[in-house]
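The block underneath contains the structure these notes are about, expressed in structure tokens.
The values are calculated or read from the model by the stated rules, or taken from the named source; none is laboratory data. These numbers come from a predicted model, not from an experiment. Quick reminder, even Gly has a Cβ in these numbers, built from the backbone with ideal geometry, and neighbours come from all protein chains shown.
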There are 2 protein chains.
Amino acid sequence: MIKDDDKTRTSRRRFLAGATGLTAGLAAAGVTGVAQANDKNLPPNVADWSKSLGDGVAVRPYGHPSKFEKNVIRRDVQWLTASRESSVSFTPLHDLDGIITPNGLCFERHHGGIAEVDPHDYRLMIHGLVERPLIFTLEDLKRLPRVNKIYFLECAANSGMEWRGAQLNGCQYTHGMIHCVQYTGVPLKLLLEQAGVKPNGKWLLVEGGDASGLDRSLPLEKALDDCMIAYRMNGEMLRPEQGYPARLVVPGWQGNMWIKWIRRIKVGDQPWYTREETSKYTDLMPSGKARKFTFEMDAKSVITSPSPQAPLTRKGFTVISGLAWTGRGKVKRVDVSLDGGRNWRTAKIDGPVLDKACVRFYAEIEWNGEPLLLQSRAMDETGYVQPTKDALRKIRGVNSIYHNNGIQTWALKANGEVENVEVG
Amino acid sequence: MIKDDDKTRTSRRRFLAGATGLTAGLAAAGVTGVAQANDKNLPPNVADWSKSLGDGVAVRPYGHPSKFEKNVIRRDVQWLTASRESSVSFTPLHDLDGIITPNGLCFERHHGGIAEVDPHDYRLMIHGLVERPLIFTLEDLKRLPRVNKIYFLECAANSGMEWRGAQLNGCQYTHGMIHCVQYTGVPLKLLLEQAGVKPNGKWLLVEGGDASGLDRSLPLEKALDDCMIAYRMNGEMLRPEQGYPARLVVPGWQGNMWIKWIRRIKVGDQPWYTREETSKYTDLMPSGKARKFTFEMDAKSVITSPSPQAPLTRKGFTVISGLAWTGRGKVKRVDVSLDGGRNWRTAKIDGPVLDKACVRFYAEIEWNGEPLLLQSRAMDETGYVQPTKDALRKIRGVNSIYHNNGIQTWALKANGEVENVEVG
């Protein structure tokens, strides 16, 4: 088992150290509050921050999190990749709740580092099997009809290290190649209609403007269905790490098709079989053959708290919190197990349930200190149920690092710590 | 007419300067693209950023916007208030789209500056007419059942300068005391149930931990309906400017009731008539008497683009974009006028329509360069229709600076500039 990195350990020690001292509130309900505190700031004393004026407005024209939240960051695992320019940093899912990911914490996956695109020089070209080849500036795109959609984006390699057993000790690392934001952008259909796709046009080559020139083949049918050229996330312009000033949005499909810094769309009559859709991002089966394209991300879920980076510090009432999603529509139900999948209870889904977006689920338990094997499984509106890892391995073997949507197990120990494990 | 501040002027000059040069795309549809550009980066040349590796992952563990978006910031108007500690900075609505406000751009309104609360020392006390006085730590709150809700938050003084005529030249300043995020927190009902409100308990005094000790009276009925003690916004912990680590959420009601850095809830049998709900935040009528409490924010809307800070740079196809909201439930319809309210067309609402949240509306026009008087009006599910400013003034006079939800008019001039005006 590979332990999480040093930063995570530091964070955990701090949290556990904090869990001693003054007790308060809700004792009757089995919920007691503890925190390491300075008595001078506690009632009936007046706290330091109530005694003098704080910073005024516009001292921070663009705001940042509290200094006390400095451990809530994207993290990478340096041994995973040879370079940081072609690598990944993970969303700290264990430190978040709700369904929206704040822009500063959306995971990164680059193949040639972050392209720093000057928006005045940005161009998107559409050519190939079209009546009118077109080049769009950013202002062109921003002037067109647009839509606002909340979608999850999951990398095909999310949970990829877990094919061969429990590897990474924290949901940030096992499941953190996902985020969920509101995108604003132009329906790709509208751009293609302007260009006029010729009758034999069936596929698009979509290409990024970064140093890797990442390119993929996209079926025209999907492009005309719900794809967007997005230039905003959560209201503001895209972040550089997410493809500023414009990226492709391919709802429900694997993340590396969501081309960042998109510069070119070529219409053709068949797929191109590029590197990133043949030797990479395909499922290598036990036979040694790879499946031809696995676009859609199947239903999946993970308990984000408690989890290895978010241990329990007290017995009593606890809310299990987690995320679920499916690339095939809406999540219909999420179940939670405390005993490694023998018994299941239906979790409560709270907040909006949107097409191809994350949902938040909760399950309340009274924890008496006994060890538990925590699991969650998602079911989507097609009737598909998230499988066990073993069920996946029976079909797919362990050659692949992609499309692992197996059920995750967290072992909650008597001392409140949580470990990534697998059950028979 | 007071012009916008220097930063805004700089931004506008830059935008207009950019609107010359290379033309591209969509000419057939009357839409043409222009931007000041370096030829070396344009097709068929390979752009600079495609030629070498960019920054790798985790170089920015917590991400920031592109350096090219540095003008997208909260701004204050220094002559509006005597100090920056008791002042306001405004959300740049003209630079945003969709319904979610990114956390770094949510407007600020402080009465004693930003309290810098150590989360270990944070306490929330509930006392007064209760069976069991309680003190909650932050960990207590985070351990309890929680809900996720997207709500708008509007300051009662939003558009307040406009009572006496068109004053501030930009929707950032006229309407920017609003934001809309997903909150995660504990239903206040749950905390009050733990404390056990006595039969004669009918009102709550809610008090902030900042230097102003901002306090308001909240009817128990509203507290038990949909109020929350929120500790997260858009997934992550609250920002310091928004009450870190915990604030009161009072859906649909005026912003200064949403007590930040909340430290105390006292249950009583009648309102307290504190300073901030008597001499301030009430509607001073022509008679010289003030209305007793105006909690709910009525239906309102504003066109965010085009607007004084977001002028038009070209004739032809343009999308009018705006925000609408109501404190009384859901927005049902938004209309747009091009001629100062004589004729109306129904706008398209795009994105989720949620209870007490902002909605985004669009109206497409073909602009041939003629001057227009742009207006929008919102209608909510109660049948209420956003009134004209004149209709409001007939009832309320011009003594108040609060609760101005009148229809905003933007004069679009032949050169594409936009000005804040009044009609009729």
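For the range B:144-165, the criterion of being assigned by TED's automatic domain parsing to the domain that holds B:Q270, more than 28 Å from the chain's Cα centre (by Cα), at pLDDT 95 or above and not in a strand (DSSP E or B) is met by at least one residue.
Could you list, in sequence order, all residues of the range B:77-90 that are assigned to a strand (DSSP E or B) and surrounded by fewer than 21 Cβ atoms within 10 Å (Cβ to Cβ)? Step through it out loud before you land on a result.
Within the range B:77-90, the first condition is being assigned to a strand (DSSP E or B), and the residues that meet it are B:87-90.
B:S87, the sole residue that qualifies.
Does A:F136 meet the test of being aromatic (F, W, Y), within 14 Å of another protein chain (Cβ to nearest Cβ) and over 29 Å from A:S376 (Cβ atoms)? When the stated conditions are applied, A:F136 passes them. Taking every residue in the range A:250-272 that is on the phi > 0 side of the Ramachandran plot and pairing it with any residue that is surrounded by fewer than 21 Cβ atoms within 10 Å (Cβ to Cβ), at least 6 positions away or on another chain, the pairs with Cβ-Cβ distances below 6 Å are A:G252/A:E296.
Contact map, the range A:38-59: residues that are more than 7 Å from chain B (Cβ to nearest Cβ) paired with residues that are of a type in the set (S, T, N, Q) and crowded, with 16+ Cβ neighbours inside 10 Å, Cβ distance under 8 Å, separation 6+ or inter-chain. Pairs shown: A:D48/A:N41. Taking the range A:62-76 as the range and being of a type outside the set (S, T, Y), assigned to a loop (DSSP other than H, G, I, E, B) and in contact with a strand residue (DSSP E or B) (Cβ under 7 Å, 6 or more places away or on another chain) as the test, the residues that pass are A:P65, A:V72, A:R74, A:D76.
In this entry, A:S301 passes the filter for residues that are of a type outside the set (A, V, I, L, M, F, W, C) and surrounded by 20 or more Cβ atoms within 10 Å (Cβ to Cβ). Does A:I303 satisfy the criteria of being touching a Gly at 6+ places or on another chain (Cβ under 7 Å) and within 14 Å of another protein chain (Cβ to nearest Cβ)? Answer is no for this residue. Criterion applied to B:R232, B:R263, B:R239 was being touching a Leu at 6+ places or on another chain (Cβ under 9 Å) and under 22 Å from B:I99 (Cβ atoms), and the one residue passing it is B:R232.
Can you work out which of the residues in the range A:216-245 that are among the acidic types (D, E) and buried (at least 24 other Cβ atoms within 10 Å of the Cβ) is farthest from the chain's Cα centre (by Cα)?
A:E236
Give me the residue from the range A:166-182 that is assigned to a loop (DSSP other than H, G, I, E, B) and at pLDDT below 95 and, out of that set, surrounded by the fewest Cβ atoms within 10 Å (Cβ to Cβ). So the residue we want is A:Q167. Could you please let me know if A:Y122 is among the hydroxyl-bearing types (S, T, Y), more than 9 Å from chain B (Cβ to nearest Cβ) and either buried (at least 23 other Cβ atoms within 10 Å of the Cβ) or within 30 Å of the chain's Cα centre (by Cα) (or both)? So A:Y122 fails the test. Criterion first (of a type in the set (F, W, Y) and closer than 27 Å to A:V319 by Cβ) does B:Y183 satisfy it? Judged against the criteria, B:Y183 is a match. Of the candidates B:G185, B:G268, B:G213, B:G196, the single residue that is at pLDDT 95 or above and buried (at least 20 other Cβ atoms within 10 Å of the Cβ) is B:G185.
Checking A:L323, A:L392, A:L338, A:L373 one by one, the residue that is among the hydrophobic types (A, V, I, L, M, F, W, C) and touching an Asp or Glu at 6+ places or on another chain (Cβ under 8 Å) is A:L373 and no other.
Yes or no: B:T23 more than 8 Å from every other protein chain (Cβ to nearest Cβ) and modelled with pLDDT under 50? Judged against the criteria, B:T23 is a match. Only one entry in A:R146, A:R216 is over 30 Å from B:S305 (Cβ atoms) and among the charged types (D, E, K, R), namely A:R216. Only a single item in (1) more than 7 Å from chain A (Cβ to nearest Cβ); (2) over 30 Å from A:R146 (Cβ atoms); (3) touching a Pro at 6+ places or on another chain (Cβ under 7 Å) is not met by B:Y151, and it is number (2). Regarding B:R247, is this residue touching a residue at least 60 places away in the same chain (Cβ under 8 Å), within 14 Å of chain A (Cβ to nearest Cβ) and closer than 29 Å to B:G209 by Cβ? It is false that B:R247 is touching a residue at least 60 places away in the same chain (Cβ under 8 Å), within 14 Å of chain A (Cβ to nearest Cβ) and closer than 29 Å to B:G209 by Cβ. Quick one: would you say A:L323 is buried (at least 21 other Cβ atoms within 10 Å of the Cβ) and not hydroxyl-bearing (S, T, Y)? Yes.
Go through the range B:273-291 and give me each residue that's in contact with a helix residue (DSSP H, G or I) (Cβ under 9 Å, 6 or more places away or on another chain) and without any contact (Cβ under 8 Å) to a residue 40 or more places away in the chain. Give the steps one after another, and end with the answer.
Residues of the range B:273-291 that are in contact with a helix residue (DSSP H, G or I) (Cβ under 9 Å, 6 or more places away or on another chain), as a first pass: B:276-277, B:280-281, B:283-286, B:291.
Across the range B:273-291, the qualifying residues are B:K280, B:R291.
For A:L124, the test of being within 18 Å of A:I259 (Cβ to Cβ), assigned to a helix (DSSP H, G or I) and touching a helix residue (DSSP H, G or I) at 6+ places or on another chain (Cβ under 9 Å) is failed. So which residues in the range B:250-271 are more than 17 Å from the chain's Cα centre (by Cα), of a type in the set (K, R) and either within 11 Å of chain A (Cβ to nearest Cβ) or closer than 30 Å to A:N71 by Cβ (or both), if there are any at all? Once the filter is applied, which keeps residues that are more than 17 Å from the chain's Cα centre (by Cα), of a type in the set (K, R) and either within 11 Å of chain A (Cβ to nearest Cβ) or closer than 30 Å to A:N71 by Cβ (or both), the range B:250-271 yields B:R263, B:R264. Does the range A:82-93 include one or more residues that are among the charged types (D, E, K, R) and either under 30 Å from A:Y362 (Cα atoms) or more than 7 Å from chain B (Cβ to nearest Cβ) (or both)? No: zero hits. Quick one: would you say B:A391 is of a type in the set (A, V, I, L, M, F, W, C), modelled with pLDDT of 95 or more and exposed (fewer than 15 other Cβ atoms within 10 Å of the Cβ)? So B:A391 passes the test.
For the range B:332-343, the set of residues classified as within 17 Å of B:T318 (Cα to Cα) and not polar (S, T, N, Q) consists of B:D335, B:V336, B:L338, B:D339, listed by residue number. Scanning the range B:91-121 for residues that are out of contact with any strand residue (DSSP E or B) (no Cβ under 6 Å at 6 or more places or on another chain) and either free of Cβ contacts under 8 Å to residues at least 12 places away in the same chain or assigned to a strand (DSSP E or B) (or both) yields B:H110, B:D118, B:D121.
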